[in-house]
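The structure appears below as structure tokens.
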Amino acid sequence: MPIPPPETIRVKTVQVACDGSGEIPAALGHPRVFLRIEPETGFVECGYCDRRFVLEGGPADQQP
């Protein structure tokens, strides 16, 4: 059984950027990376912080 991601963010676009900030200042995060959500999976995970970005209405979206 896979370990759940530390944080899930629902987004409306297939292209997202992640710098690890949120609860911590951006200066303490990681380098900004640009990620693309594949339509078949409906999500992408950041390689640095494992934050998961889920496309609203996509196959991985668990909320109505």
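Are there GluC sites (Glu not before Pro) in the chain that DSSP puts in a loop and that have at most 12 other Cβ atoms within 10 Å, and which ones? The qualifying sites are GLU23, GLU40, GLU56. Our estimate of slack between ILE24 and ARG36, defined as 0.36 nm per intervening residue step minus the Cα-Cα distance, is 2.0 nm. Ligands, DNA and RNA left out, the 1.4 Å accessible surface of the chain is 56% carbon and sulfur atoms.
The charge dipole of the chain, taken about the Cα centre with unit charges on the Cβ atoms of Lys, Arg (+1) and Asp, Glu (-1), comes to about 140 debye, rounded to the nearest 20.
Per residue, what accessible area does the chain have, given a 1.4 Å probe and all protein chains present, in Å²? Using a 1.4 Å probe on heavy atoms only, each residue of the chain averages 73 Å².
Looking at the stretch 12-61, which trypsin sites (Lys or Arg not before Pro) are DSSP coil and have at most 12 other C-beta atoms within 10 Å of their C-beta? Here the sparse-neighbourhood loop sites are LYS12, ARG32. For the chain, taking a cut-off of 4.7 Å between Cβ atoms, the unpaired cysteines are CYS49.
The values are calculated or read from the model by the stated rules, or taken from the named source; none is laboratory data. None of the values given here were measured: they were computed from a predicted structure. Note that each Cβ is placed from the backbone with ideal geometry, even for glycine, and that neighbours are counted across all protein chains shown. All accessible areas refer to the heavy atoms of the entire protein, side chains included, with ligands and DNA or RNA removed. Shrake-Rupley method; radii C 1.70, N 1.55, O 1.52, S 1.80 Å.
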